[in-house]
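Okay, so here's the structure we're looking at.
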Amino acid sequence: MLPKKIKSLYRTVSTGGHMKNYQFYHIYPLGMLGKLNDNNSKEDSMNNKNGYSLGYLKEFIGHLKELQINGVYIGPIFESIYHGYETVDYLTIDKRLGTNDEFKELVDAYHNNEIDVIVDCVFNHVSREFFAFKDVLVNKGQSKYSHWFYIDHSKNNHRNDGFSYHTWDGHDELVKLNLDNDEVCDYLIDVAKTWVNQFNIDGLRLDAADVMKPSFIKRLNDELKGMKKNFYIVGEMVHGDYKGLLEKTGIDSITNYECYKGLYSSLNDSNYHEIGHSFKRLLGNQGILKDKLLYNFVDNHDVNRVASELNETNHLYPLYLMMYTMKGYTSIYYKSEIGATGKRTNYGDSELRDTFFKEELQAGNDLLNAIKKFASIRKDNEILTEGDYEELVLDHKLIGYRRFKNGQSMITLINSSNEPSIIDKSIINHWKRSFSLDGYDELNDESIQSNEHLVIYPNWGRIIK
């Protein structure tokens with residue numbers, strides 16, 4: 001039986017349209033709004049006394065527009081115990097963040113500014129406080145929800161529950177759901193449909209997609225795209241078969257952890273061959289994902305902020321320039337656009353999930369201004385999202401590649417050295433003739449002269465059209 005709350009909200013909507021060339025902004029709301037440590041006091045949590053509520057995120061919409069953001073990935077946002085990924089109630093916005101009505105108003109505000117909303121979807125596991133598991137704790141093998149989880153009633157656990165159960169990655173507060181069970185799958189898919197109907201969301205990011213049943217993900221994808229033709233779903237996969245998951249499920253994208261690592265380590269190691277190999281392996285003419293668009297990022301809520309990961313701060317510029325000119329979707333993790341730092345510690349991930357005040361946005365931030373420039377060029381040239389990839393130049397501190405589609409080309413050249421790099425004029429003229437380039441540098445707003453060698457400035461680049 002599905003809860004009445006889900007049944008009453010179910011309806012079908014149908015929209016069509018072309019999938020956007022997304023530039024995402026990733027918000028971890030419990031951190032950004034200063035709520036991550038606010039669940040110790042139930043009274044404060046219920047009354048929303050500390051930090052900011054979801055409505056505060058509207059204050060950043062102008063900032064997002066300047067970054068050319070057309071998709072916000074936000075989450076987790078549903079009722080949980082602490083970090084958000086131990087869901088208690090899939091149908092209620094976490095009281096630390098606000099109410100269902102506040103979230104609906106926020107989604108409407110994003111939509112009014114042509115920004116889609118992608119919600120973090122945690123369907124692999126739940127909290128021990130989830131209603132079905134609480135029933136199992138009370139009724140043990142007699143619970144009608146016992147088959148919703150992978151439970152062994154012949155064993156016990158260190159909590160002395162009287163049974164053992166499967167978890168996510170050994171964390172016993174994250175109880176793994178049985179996605180082999182049709183009743184569980186029915187429940188979760190109707191939850192997702194309720195989110196579409198109640199909040200009018202535009203997509204999902206599937207947490208732990210790499211350990212979920214592909215058959216369930218395919219059904220979820222098919223049914224939600226039946227409601228919204230251009231509904232976007234990205235699966236979280238750290239390691240594994242990107243192509244296999246995409247083909248088995250039909251979802252739109254996978255988190256590109258392979259290039260995430262290569263983007264910063266190729267700079268730290270003065271070895272563009274690493275990221276060049278990944279670009280060709282995944283995205284090149286013979287690439288295994290040549291026809292797919294991956295979800296590209298340089299940091300997120302689970303990894304060190306990239307400003308802390310890089311050995312040289314100046315490498316933030318070639319790093320973001322690479323991300324904004326590589327195939328697929330871009331994603332900025334909140335506050336990293338101003339060079340925020342933070343590392344994981346033995347005590348948790350709180351440094352990665354700190355509060356972001358609007359007052360921290362300063363007009364003179366060089367990194368922020370550079371990212372705005374990169375984003376603007378990308379917005380005006382969809383070839384940077386969808387175009388094919390061809391390597392042109394590759395050295396330890398210099399990489400150059402062509403993005404091309406339908407007879408048009410753009411060339412990106414990136415220098416991560418502290419000294420200028422020179423491309424011989426004969427090579428430039430050859431590229432201009434071979435690829436029908438106008439010879440205009442979009443990044444530096446200047447024409448490329450045929451009778452001069454091309455200088456690529458230190459820790460910077462060129463984007464030639």
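Assorted remarks:
- Set side by side, the residues MET46, MET19 differ, and just one is surrounded by fewer than 18 Cβ atoms within 10 Å (Cβ to Cβ), more than 20 Å from ASP252 (Cβ to Cβ) and at pLDDT below 95, which is MET46.
Results for (1) of a type in the set (A, V, I, L, M, F, W, C); (2) at pLDDT 95 or above; (3) assigned by TED's automatic domain parsing to the domain that holds THR87, shown as yes or no for each residue.
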residue	(1), (2), (3)
SER215	no, yes, yes
ASP222	no, yes, yes
LYS229	no, no, yes
TYR232	no, yes, yes
GLU236	no, yes, yes
GLY240	no, no, yes
LEU263	yes, yes, yes
ASP269	no, yes, yes
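- Scanning the range 82-108 for residues that are over 19 Å from the mean Cα position of the chain (by Cα), crowded, with 17+ Cβ neighbours inside 10 Å and among the β-branched types (Val, Ile, Thr) turns up THR87, VAL88, ILE93.
- The set of residues in the range 334-356 being touching a His at 6+ places or on another chain (Cβ under 7 Å) and of a type in the set (Ser, Thr, Tyr) consists of TYR334 alone.
- In the set (1) closer than 26 Å to LEU177 by Cβ; (2) part of a helix (DSSP H, G or I); (3) of a type in the set (Lys, Arg), LYS104 fails one condition alone, (1).
- Any hit, the range 281-291, residues being outside the structural domain of LEU394 (by TED's automatic domain parsing), buried (at least 21 other Cβ atoms within 10 Å of the Cβ) and on the phi < 0 side of the Ramachandran plot: yes
- Test result for SER266, surrounded by 21 or more Cβ atoms within 10 Å (Cβ to Cβ) and closer than 28 Å to GLY400 by Cβ: yes
- Restricting attention to the range 308-329, the residues that are buried (at least 20 other Cβ atoms within 10 Å of the Cβ) and of a type in the set (Gly, Ala, Ser) add up to 1.
- From ASP169, ASP182, ASP190, ASP207, residue being within 25 Å of LEU224 (Cβ to Cβ) and free of Cβ contacts under 8 Å to residues at least 24 places away in the same chain: ASP182
- Subset of the range 156-184 (residues that are on the phi > 0 side of the Ramachandran plot and surrounded by 12 or more Cβ atoms within 10 Å (Cβ to Cβ)): GLY162
- Residue within the range 133-153 that is surrounded by fewer than 20 Cβ atoms within 10 Å (Cβ to Cβ), among the basic types (Lys, Arg), assigned by TED's automatic domain parsing to the domain that holds LEU54 and touching a helix residue (DSSP H, G or I) at 6+ places or on another chain (Cβ under 8 Å) present: no
- Residue that is surrounded by the fewest Cβ atoms within 10 Å (Cβ to Cβ) [pool: residues in the range 391-407 that are farther than 17 Å from LEU282 by Cβ and touching a Ser or Thr at 6+ places or on another chain (Cβ under 6 Å)]: HIS396
- Of all the residues in the range 49-100, those that are farther than 23 Å from TRP168 by Cα, outside any loop (DSSP other than H, G, I, E, B) and out of contact with any Phe, Trp or Tyr (no Cβ under 6 Å at 6 or more places or on another chain) number 12.
- Residues in the range 338-356 that are modelled with pLDDT of 95 or more and exposed (fewer than 14 other Cβ atoms within 10 Å of the Cβ): 1 in all.
- Among the residues of the range 256-273, the one identified as under 16 Å from the mean Cα position of the chain (by Cα) and polar (S, T, N, Q) is ASN256.
- Every residue from the range 440-459 that is assigned to a loop (DSSP other than H, G, I, E, B) and closer than 16 Å to ILE377 by Cβ: GLU442, LEU443, ASN444, ASP445, ILE448
- Boolean, GLU79 is crowded, with 16+ Cβ neighbours inside 10 Å and among the charged types (D, E, K, R): yes
- Restricting the range 358-403 to residues that are within 24 Å of the chain's Cα centre (by Cα) and of a type in the set (Ser, Thr, Tyr) leaves a set whose member that is nearest to PHE60 (Cα to Cα) is SER376.
- Here is the figure for the range 163-180: residues that are within 24 Å of the chain's Cα centre (by Cα) and among the aromatic types (Phe, Trp, Tyr) total 1.
- Flag not set for ILE201, criterion: at pLDDT 95 or above, under 22 Å from ILE27 (Cα atoms) and touching a Gly at 6+ places or on another chain (Cβ under 7 Å).
The values are calculated or read from the model by the stated rules, or taken from the named source; none is laboratory data. Keep in mind that this is a model prediction, so the values were computed, not measured. All Cβ positions, even for glycine, are placed from backbone atoms using ideal geometry, and neighbour counts span all protein chains on display.
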